[in-house]
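The values are calculated or read from the model by the stated rules, or taken from the named source; none is laboratory data. Keep in mind the model is a prediction, meaning the values are calculated, not measured. Here the Cβ is made from the backbone with ideal geometry for all residues, glycine too, and neighbour counts use every protein chain on show. For accessibility, only protein heavy atoms count, side chains too; no ligands or nucleic acids. Shrake-Rupley method; radii C 1.70, N 1.55, O 1.52, S 1.80 Å.
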Amino acid sequence: MDIVERQGKIEALAEDILTDRQLAIDYDRKRQENREALRRLREQQKNKPTSRRATTTVNMGDFFIVVPTTKAAEMVDGAQKELEGAIDDVQQRLKAKVQKLGELEGNDHMVATAKSMGLKSISGNDLYNISK
């Protein structure tokens, strides 16, 4: 592989990494907004008794709709779970791309760091099974 082709691959991969990092930041901002909305909806549920008046106005694209507060909380919670899955996917892709970039650049330290970032923590279930 000649130098120009190699540099082209490095530049394209670096651009992908920067794009994924920005995407992760955008997803994280949205996740934080959802977290705040969920907290406010739960506070609203606690403060208002369960009645017909326990409704919330929700923005759905170009229009606003009135839905029960519990339904609004469920909708935000579902969106939150989808966002967390998307964030995990972006982070996994990012780890693989950083490792590939390190290999292309011949940077052993970057490759070792990227491989160590690939470690996964144990879940609560695994920890429970270990203690048995």
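This table checks each residue for (1) modelled with pLDDT of 95 or more; (2) exposed (fewer than 14 other Cβ atoms within 10 Å of the Cβ); (3) within 19 Å of residue 81 (Cα to Cα).
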residue	(1), (2), (3)
4	no, yes, no
13	no, no, no
22	yes, yes, no
32	yes, yes, yes
43	no, yes, no
48	no, yes, no
**OP:** Check off (1) modelled with pLDDT of 90 or more; (2) acidic (Asp, Glu); (3) over 29 Å from residue 29 (Cβ atoms) for residue 108 and give me the number that stays unchecked.
**Re:** (1)
**OP:** Mind telling me which of the residues 66, 98 ends up being among the hydrophobic types (A, V, I, L, M, F, W, C) and open to solvent by less than 30 Å² (accessible area, probe 1.4 Å)?
**Re:** 98
Original post:
Which one of these does residue 57 not meet: (1) over 18 Å from residue 93 (Cβ atoms); (2) modelled with pLDDT of 85 or more; (3) open to solvent by less than 80 Å² (accessible area, probe 1.4 Å); (4) hydroxyl-bearing (Ser, Thr, Tyr)?
Top reply: (3)
